[in-house]
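Taking it in order: structure first as structure tokens, then the write-up.
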Amino acid sequence: MDFDKSLITQVEQAIGRSIGQAPVLKLKGEASSRSYYRVGTPPESWVVMVMPPDAAKKSEEASKGDAPSELPFVNVHRYLTKLGIRVPHILRYDEPAGMMVIEDLTDETFEQAILKGDKAKWYTRAVELLAQLRARAEKHVDSSCLAFTRAFDVDLYDWELHHFREWGLEAWSNQKPTTEERTQLDAIFQRIAKQLAAAPRGFTHRDYQSRNLMVKDGEIVVIDFQDALQGPRQYDLVALLRDSYVELDRAFVDGMLDAYIVAFEKETKERIDAKPFKQFFDLLTVQRKLKDAGRFEFINRVKGNPGFLVSIPASLRYVKAALDVQPELNDLRRIVAKYVPELG
């Protein structure tokens, strides 16, 4: 009860008036260490984000350097707001208490919106929004934004691929590659990491997918952007169009990639060659979805949250489809399919 009172107090200080004994409801979390509570009843409601002291600033996934001096959510939020991207309004941030009062976006995610129908409309809007975000960010580089101080470099790509090896291959199969296979995997992962890292980089959300986009009053609102960094243009498209929670067929994906290219050209006047753009999208799909499969098993075994295991098969199907069109990765496929038959 005292905790509920502290949440209500945070809201009252944020809005400058009393809300009495408002109901408090803990919202479903995903893989984050943060907790979310709805205070009040929609439409008269707010959300309080509660952050544990040891996880408030440092990314949970591999990152270089010390923890930033400013909360990444606040830092990146400020930058996206300047770009004109719709993000949740921050009403109050109590750093000592590790609590933030934000706008209640209610419960409709992009994932839920597309299930109601008109999938093409929503995905077109999402890729157009992404094109606008990326184009504006490339035009307005801001060194004070944390996203411009960290990047998908060789080390990070390589770490994520080995995250799959450790959790999606070894833990999943309860086997380990032979010494020779491990040497080969190390070399293949380095080759892929170097190829991906050589691409031009810009602002990348890092997890622009159906559960990190909300729909409020018919508008798409971007959330969970605190781990933004520098990456290739296709990365957020892989997160959205090769989403482990919503499977899309290749023809639809190709149409959405074409829509992105058109929207990006409209924003920048830059013409993108679709064929190499899509080829790089497929290479990134292998890296990202292998990482996701491993990450989901890691969350299950280390964090005790099995809720993401159901999404591993979709991740592996995406990898398999991407490997089918990239014979140059047959050496990777030969090894991983021995331990993860779904990739054969």
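Below is a table of values for the structure above.
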{"read-out": "Considering residues of region 184-212 that are part of a loop (DSSP other than H, G, I, E, B) and of a type in the set (G, A, S) only, the residue nearest to L105 (Cα to Cα)", "value": "S210"}
{"read-out": "Criterion violated by S173 - all others in (1) crowded, with 21+ Cβ neighbours inside 10 Å; (2) modelled with pLDDT under 95 satisfied", "value": "(1)"}
{"read-out": "Residue in region 104-118 that is modelled with pLDDT of 95 or more and more than 29 Å from A259 (Cβ to Cβ) present", "value": "yes"}
{"read-out": "Residue satisfying condition, being in a loop (DSSP other than H, G, I, E, B) and touching a helix residue (DSSP H, G or I) at 6+ places or on another chain (Cβ under 8 Å), within set V246, V319", "value": "V246"}
{"read-out": "Residue in region 78-87 that is of a type in the set (D, E, K, R), at pLDDT 95 or above, under 22 Å from A228 (Cβ atoms) and in a loop (DSSP other than H, G, I, E, B) present", "value": "yes"}
{"read-out": "Matching residues in region 136-155 - criterion: being farther than 11 Å from L229 by Cα and surrounded by fewer than 21 Cβ atoms within 10 Å (Cβ to Cβ)", "value": "R136, E138, K139, H140, V141, D142, S143, S144, V154, D155"}
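The values are calculated or read from the model by the stated rules, or taken from the named source; none is laboratory data. Values in this document were obtained by computation on a predicted structure and should not be read as measured data. Neighbour counts are summed over all protein chains in view; Cβ atoms, including those assigned to glycine, are modelled from backbone coordinates with ideal geometry.
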